[in-house]
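Accompanying notes for the structure given below.
The values are calculated or read from the model by the stated rules, or taken from the named source; none is laboratory data. What you see is a predicted model; the values in this text were computed from it and never measured. All Cβ positions, even for glycine, are placed from backbone atoms using ideal geometry, and neighbour counts span all protein chains on display. Side chains included, ligands, DNA and RNA excluded: accessible areas come from the protein's heavy atoms. Shrake-Rupley method; radii C 1.70, N 1.55, O 1.52, S 1.80 Å.
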Amino acid sequence: MGGGIAQVVAASGRRVSLHDPYPGAVDRGLAAMRKSLARLDADVDATLALVGPVDDLVAADLMIEAIVEDPAAKEELFRRADAVLPPEAILASNTSSIPITSLAAATGRPDRVVGMHFFNPVPVLNLVEVIRGLETSDETAAAILELARDLGKTPAEARDLPGFVSNRILMPFINEAAYALLEGVATPEDIDTIAKLGFAHPMGPLALADLIGLDTCVAIMDVLHEGLGDPKYAPCPLLRQYAQAGRLGRKSGRGFHDYT
Ligand SMILES: NC(=O)c1ccc[n+]([C@@H]2O[C@H](COP(=O)([O-])OP(=O)(O)OC[C@H]3O[C@@H](n4cnc5c(N)ncnc54)[C@H](O)[C@@H]3O)[C@@H](O)[C@H]2O)c1
């Protein structure tokens, strides 16, 4: 997601610094961007010239955080970003489900913290869900809505409640598909065919879970379950077991479907 976001921001003519502390992650992101830009017939070299890998957080007008869906890791990053980025900078999160208000509380600028939730694949899907935390200012929300439009996206606003709108609807759908598989109602292929052809979805829920990452799906279900307190949001045991086994979906080569 970080690479996809960097790509669309650079494609709008803005300079982007790309940071990921894990070896090889930035290079993988750059390679994916190169492929995606070529497919979109964009000017690959000119766009990539605007993307600079950096070893740590740097001073910038805006941070868009897209690290693992782990509240403690994100809060720590927001704490560090608050110390490194200038006081007027906006700190945005691409989180799928972690409360923006709690990320804001880790900083001394809760009015300048906001959710900017892109969809996968970022260069292709045009929605940006914009989430205001409890203290997000009108100016911050307006700046992010304007940026989203400037990136060629359509923004829609959601309140800071678990899962916002998109994952409050999507994740129970994926979770129910995992239950259908667990209970032997149908094969993964048939579950996805039924959703694809029956509901005119571009891909079935299990293939979509594989694209999102099964670890991310479990993390989001956990947030919905804990935040809304309703057992209907508990992650399906099969989803959790696949994630525990390292069957994370496309990124590991295998999830509900096999990509090897
Ligand atoms: N996958 C999706 O479809 C999707 C869609 C919308 C939003 N999101 C959200 O985007 C975020 C990232 O998801 P993803 O699917 O790209 O995950 P991913 O696991 O593919 O990538 C996460 C990256 O974060 C890096 N990272 C981990 N800890 C870090 C730290 N402390 N500082 C900097 N980098 C760190 C990892 O090295 C990895 O490259 C999550 O919050 C997720 O909920 C994902």
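What the table shows:
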| read-out | value |
| --- | --- |
| Coil-residue GluC sites (Glu not before Pro) of segment 59-100, DSSP, other Cβ within 10 Å capped at 15 | Glu88 |
| By accessible area with a 1.4 Å probe, ligands and nucleic acids excluded, highest first: order of Glu226, Glu183 | Glu226, Glu183 |
| Cα-based radius of gyration of segment 149-191 once divided by 2.2 N^0.38 Å, which approximates compact folds | 1.70 |
| Positive-end residue of Phe199, Ser166, Pro110, charge dipole of the chain with Cβ unit charges | Phe199 |
| Percent carbon-and-sulfur accessible area, the chain, ignoring ligands, DNA and RNA, probe 1.4 Å | 54 percent |
| Nonlocal amide H pairs with Ser17, under 5 Å, H built at 1.01 Å | Gly52 |
| Average accessible surface area per residue within the chain, 1.4 Å rolling probe, Å² | 50 Å² |
| Normalised contact order of the chain, rounded percent, pairs of Cα under 8 Å and 6 or more residues apart | 13 percent |
| Cα-derived Rg to Rh of segment 187-259, Kirkwood definition | 1.00 |
| Antiparallel DSSP beta bridges within segment 2-158, percent to nearest 5 | 20 percent |
| Solvent-accessible surface (1.4 angstrom probe) belonging to Thr154, in square angstrom, nearest 10 | 90 Å² |
| The chain: most fluctuating residue of Val128, Val113, Val58 per GNM, C-alpha cutoff 10 Å | Val58 |
| Segment Ala156-Ala72, extension gain: residue separation times 0.36 nm, minus the distance between their alpha carbons | 27.5 nm |
| Residues with amide H under 5 Å from that of Glu157, placed H, sequence gap 5 or more | Val130 |
| Shape metrics for segment 1-127, restricted to C-alpha atoms - Rg then Dmax, Å | 14.3, 42 |
| Candidate residues Thr260, Thr101, Thr136: accessible-area rank, largest first, probe 1.4 Å | Thr260, Thr101, Thr136 |
| Where labels lie 7 Å past Cα in the beta-carbon direction, separation of Ala31 and Ala234 in nm | 4.1 nm |
| Net length gained if the chain between Val124 and Val44 were fully extended (0.36 nm per residue, minus Cα distance) | 27.2 nm |
| Gain upon complete extension [Arg15, Tyr259; 0.36 nm per residue less C-alpha separation] | 84.4 nm |
| Under 16 Å from the Cα of Lys196 - aspartates and glutamates, other chains or at least 8 residues apart | Glu176, Asp210 |
| The chain: equivalent-ellipsoid semi-axes (sqrt of 5 x gyration tensor eigenvalues, Cα, Å) | 30, 22, 17 |
